[in-house]
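For reference, the structure is listed below as structure tokens.
The values are calculated or read from the model by the stated rules, or taken from the named source; none is laboratory data. Quantities reported herein were computed from a predicted structural model and do not represent experimental measurements. In this analysis, Cβ positions are derived from the backbone assuming ideal geometry, glycine residues included, and neighbour counts consider all displayed protein chains.
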Amino acid sequence: MFAGAKKRREKSVQFSDLGGTSFVSINLNFLSYDLISASFDVSVFVLYKHFECMSHKNFRIPAIKYYELHGLEKGHPYPSSSNKDSEFEFGSLPVVAWWRNRVEKTYVKYKGYSDFRILLQCFLFSLLIPFLFFGLPAWIHWFAGGYFSGRGMDAGESLYAIVVAPILETLIFFVPLLEIVRVLSLPRWFSYPLVFVFFESLHHHRHFYEHPLMWMTGYMFIVAYEAGRTRSLLHAIVFCAIVHEAYNLAVTLLDPSLYPNPF
């Protein structure tokens, strides 16, 4: 009996030897395929559970360090950003950078305000500098007992300056200019000064040194228009016209030459 089992083992060995390399390679191929499939399934499952537990706010792509990107040592210094051979950029000037940042912050803040706050703040800021440089000295002169030469503004001229002129100037100047720069996608920090210079050049009755003092006034007219434009074109026209009318009304009423001097 033991002799028969030994012969069968010898036959099986001989048969396996006859199978040779092909029999072993087939078994190894199937085994490796099963192992790769199982490892891939496990990897996919782990990644799925990882991203399932991760919220969008917690998802961050790891930053690549400069030395890792260029294959340098960790202590390698960063290259200097100042290059004398590089071309000059107008936007890199500190004044221009400050102005661009200021314009964008103002635009973002004002478009989030309520309608009443937009109108009120634009009116107050538009009146501030002209009153300090023109109105306040005139009132000091008035309280000191001084008098003003020249005739006062008549009723018809006041009505036109307060009511009609702001509407016409908004429709003729602000709307076309600001809509053109919007279509051309010009940056606000660049287009606002252009619109102001063109608008202020039409007021030839002012002295040359008075034009820069009116910058804040013209700028707030533009801010009122742009803040209203985030709602609709009609809002922009109405906001700009109302702020302009309120400014002209305040300048008229705050003129000390209209009032008799009791001193």
| request: Could you pull out every one of the helices (runs of 4 or more DSSP H) wholly within the range 48-140 that has 2 or more residues that are modelled with pLDDT of 90 or more? | output: 94-111, 115-130
| remark: Note on His205: of the conditions (1) under 24 Å from Lys111 (Cα atoms); (2) exposed (fewer than 13 other Cβ atoms within 10 Å of the Cβ); (3) over 22 Å from the mean Cα position of the chain (by Cα), unmet is (1)
| Is it fair to say Glu210 is surrounded by 14 or more Cβ atoms within 10 Å (Cβ to Cβ), among the charged types (D, E, K, R), farther than 14 Å from Ser126 by Cα and at pLDDT 95 or above? | no
| field | Only one of Pro166, Pro176 that is under 20 Å from Phe199 (Cβ atoms) and touching a Phe, Trp or Tyr at 6+ places or on another chain (Cβ under 9 Å) | value | Pro166
| said: Please verify whether Tyr160 is modelled with pLDDT under 90, within 22 Å of Asn261 (Cβ to Cβ) and either surrounded by 14 or more Cβ atoms within 10 Å (Cβ to Cβ) or hydroxyl-bearing (Ser, Thr, Tyr) (or both), treating the condition exactly as stated. | reply: no
